Amino acid sequence: MPDQIHERGGVPVLVCDPDGPPLATEQDALDLIGAAFLGAQVVAVPANRLDQRFFSLGTRFAGDVMQKFVNYRVRLAVVGDISAQLAESSALRALVHESNQGGQIWFVDDLDALDTRLRAAR
């Protein structure tokens, strides 16, 4: 399935294909943001599509990607199990916790959890 816009929790979401290309550069993030401009308010990226540098905060890749989404006012949802990465990094745990307190970037286990967050945020 290609990346497609679906209504989830009453909000148009660009749901990215789990088998799609990796998000490995800032340009990849900008491409997803551009695709969202076709009618989505949120981009749901499967965690397995994120380059491993995203989860290693010392690389600054996660911050650069997240800042792009904030700058363009497109919400980002990282969807999937990242428990292995969380177990290895207290800094990542803190980032996920802090992000999930806000309304711009979320880390959720699955699309059903994203639906719940979106309905609550409306």
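Details
- Here Ala84 meets the list (1) over 20 Å from Asp115 (Cα atoms); (2) crowded, with 17+ Cβ neighbours inside 10 Å; (3) of a type in the set (A, V, I, L, M) almost entirely, failing just condition (2).
- Identity of the residue in the stretch 20-35, free of Cβ contacts under 8 Å to residues at least 12 places away in the same chain and among the charged types (D, E, K, R), that ends up most open to solvent (accessible area, probe 1.4 Å): Asp31
- Residue in the stretch 48-56 that is surrounded by fewer than 18 Cβ atoms within 10 Å (Cβ to Cβ), without any contact (Cβ under 8 Å) to a residue 24 or more places away in the chain and under 12 Å from the mean Cα position of the chain (by Cα) present: no
- Selection within the stretch 87-122 - farther than 18 Å from Gly63 by Cβ, of a type in the set (A, V, I, L, M), open to solvent by 40 Å² or more (accessible area, probe 1.4 Å) and under 14 Å from the mean Cα position of the chain (by Cα): Leu111
- Boolean, Pro12 is open to solvent by 40 Å² or more (accessible area, probe 1.4 Å) and touching a helix residue (DSSP H, G or I) at 6+ places or on another chain (Cβ under 9 Å): no
- Criterion violated by Leu38 - all others in (1) closer than 23 Å to Asp115 by Cβ; (2) among the aliphatic types (A, V, I, L, M); (3) open to solvent by less than 60 Å² (accessible area, probe 1.4 Å) satisfied: (3)
The values are calculated or read from the model by the stated rules, or taken from the named source; none is laboratory data. Not measured: the values here are computed from a predicted model. Quick reminder, even Gly has a Cβ in these numbers, built from the backbone with ideal geometry, and neighbours come from all protein chains shown. Accessible surface is based on the protein model in full, side chains and every heavy atom, while ligands, DNA and RNA are left aside. Shrake-Rupley method; radii C 1.70, N 1.55, O 1.52, S 1.80 Å.
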